[in-house]
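Take a look at the structure set out below.
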Amino acid sequence: MAPLPDEKGFTFTEIMIAITIMALGFLAMAQMQFLSLRQKQLAEEGTTASNILQFIADRDIEEVKRAQLLNSIAFVEAQAGRLNPQSDSEPHLQYCKTGNSNRICDACPCNPLAEVTPDPSQALEITCAVIDVHDFDPKKVSFKSNASQCSGGAGDSLVVVKRVESTADDNLDDPIIPPEIRMNVTYGIKTKTQFAETGFESLAKRDTLAVQNIDFSAHEEDWSQFLPGWTEVVIAHVP
C-alpha cells in the first residue's frame with residue numbers, strides 16, 4: 001500500500017466552506033435572537049393593549065353605574081318627599097341640570113347607556129380615540145366619530161376603536177315583561193399602521209393588538225308618580 005502524502009494544510013476551497021458554514025450558523029443564531037426579541041415585543045404590546053382596553057371598559061361600566069345610581073338616589077328622595085323636582089337648585093338633580101357645568105347629561109333622568117355611546121338607540125355606532133401609551137388616563141379618553149380624527153398622535157400612539165350595536169326587544173307577546181334594550185360593545189386597539197390599513201372596517205384579531213367585548217342590557221320604568229316627566233327611565237343591567 002502506498003503511503004499517504006504529507007498534509008501541508010487546508011485547501012482554499014475547504015477554508016471557504018468552513019467559513020460559509022460558520023457564517024450561516026451565526027446568521028441563524030442572529031435570526032433566532034431577532035425572532036425571540038420580536039415575539040417578546042409583540043407579547044409586551046399585546047399586554048399593554050389588553051390593559052388599556054380593560055381600563056377603558058371598566059371606565060364605561062363605572063360611568064353607567066354612576067348615572068344609574070344618581071337616578072336612583074333622586075327617585076328614593078322623591079319617594080320620601082325630600083326632593084322638589086320643580087326647583088332648579090334641587091341638589092339631588094344637579095347631575096342632570098343644564099345650568100350645572102359638572103352635569104353628566106343634559107336632561108333628567110340620565111340614560112346610563114349614553115355613558116357608553118352618545119345615542120344608545122342607534123343601531124350601529126363606531127368611534128375611535130388616540131391613546132398615548134406614555135400618558136394614559138382612561139378618564140380623559142375621548143372618542144371621535146370620524147376616522148380622520150384618529151390619524152394623528154405620536155409615532156408609538158395606539159388607536160382604540162369602539163363598535164356599539166344596539167337592538168330593542170319590545171316583548172309584544174308578553175306585556176308583563178318590559179321592553180328590553182340590548183347593547184353589544186366591542187373594543188379593539190390597533191397600531192397606527194393597522195388603523196391606517198383597516199380603520200373602522202375590521203376588529204378581527206389579525207387587524208388588532210387586542211379585542212374585548214361587553215354586553216349591556218336595560219329596560220324602561222315609569223317613575224312619573226314621584227318625578228313628573230320621568231316616564232321612560234332606563235334601568236341598566238350592568239355586567
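Pairs meeting the criteria (first residue in segment 100-116 and on the phi < 0 side of the Ramachandran plot and at pLDDT below 95, second residue in a loop (DSSP other than H, G, I, E, B) and loosely packed, with under 12 Cβ neighbours inside 10 Å, beta carbons under 6 Å, at least 6 apart or on different chains) are ASP106/THR98. Against the definition (at pLDDT below 65 and either touching a Cys at 6+ places or on another chain (Cβ under 9 Å) or outside any loop (DSSP other than H, G, I, E, B) (or both)), how does LYS40 come out, yes or no? Yes; evaluated as a whole, the condition is true for this residue. Counting only residues that are acidic (Asp, Glu) and either in a loop (DSSP other than H, G, I, E, B) or within 22 Å of ALA147 (Cβ to Cβ) (or both), segment 183-239 holds 5 of them. Note on segment 158-172: residues that are modelled with pLDDT of 90 or more and small (Gly, Ala, Ser) amount to 1.
In segment 43-72, how many residues are at pLDDT 80 or above and farther than 30 Å from ASN102 by Cβ? Residues flagged as at pLDDT 80 or above and farther than 30 Å from ASN102 by Cβ within segment 43-72 amount to 4. Scanning segment 104-135 for residues that are surrounded by fewer than 17 Cβ atoms within 10 Å (Cβ to Cβ) and part of a loop (DSSP other than H, G, I, E, B) yields ILE104, ASP106, ALA107, PRO118, ASP119, SER121, GLN122, ALA123, ASP132, VAL133, HIS134, ASP135.
Restricting the search to segment 63-85, which residues are exposed (fewer than 14 other Cβ atoms within 10 Å of the Cβ), over 24 Å from SER217 (Cβ atoms) and free of Cβ contacts under 8 Å to residues at least 60 places away in the same chain?
Residues satisfying the conditions are ALA80, GLY81, ARG82.
The residue pairs whose first member lies in segment 206-233 and is closer than 15 Å to ALA74 by Cβ, whose second member is of a type in the set (Val, Ile, Thr), and whose beta carbons are closer than 8 Å, counting only pairs six or more residues apart or on different chains, are GLU221/VAL233; GLU221/ILE235; ASP222/THR231; ASP222/VAL233; TRP223/THR231; TRP223/VAL233; SER224/THR231.
The C-beta contact set for segment 181-202 (first residue on the phi > 0 side of the Ramachandran plot and at pLDDT below 95, second residue part of a helix (DSSP H, G or I) and buried (at least 17 other Cβ atoms within 10 Å of the Cβ), distance under 8 angstrom, 6+ apart or interchain) comprises GLY199/ALA147.
If a residue has to be among the aliphatic types (A, V, I, L, M) and surrounded by 18 or more Cβ atoms within 10 Å (Cβ to Cβ) to count, how many in segment 188-206 make the cut?
So the answer is 2.
If we scan segment 77-89, do we find a residue that is out of contact with any Phe, Trp or Tyr (no Cβ under 8 Å at 6 or more places or on another chain) and closer than 24 Å to HIS237 by Cα? Among the residues of segment 77-89, at least one is out of contact with any Phe, Trp or Tyr (no Cβ under 8 Å at 6 or more places or on another chain) and closer than 24 Å to HIS237 by Cα, which makes the answer yes. Scanning segment 222-239 for residues that are crowded, with 16+ Cβ neighbours inside 10 Å and under 22 Å from ALA80 (Cβ atoms) returns TRP223, PHE226, LEU227, TRP230, VAL233, ILE235. Do you know which of the residues in segment 126-171 that are among the β-branched types (Val, Ile, Thr) and in contact (Cβ under 8 Å) with a residue 60 or more places away in the chain is nearest to ASP215 (Cα to Cα)? Result: ILE126.
Taken as a whole, the structure places SER148 among residues that are outside any loop (DSSP other than H, G, I, E, B), small (Gly, Ala, Ser) and loosely packed, with under 11 Cβ neighbours inside 10 Å.
The values are calculated or read from the model by the stated rules, or taken from the named source; none is laboratory data. Keep in mind the model is a prediction, meaning the values are calculated, not measured. Positions of Cβ are generated from backbone atoms using ideal geometry, with glycine treated the same way; all protein chains shown enter the neighbour counts.
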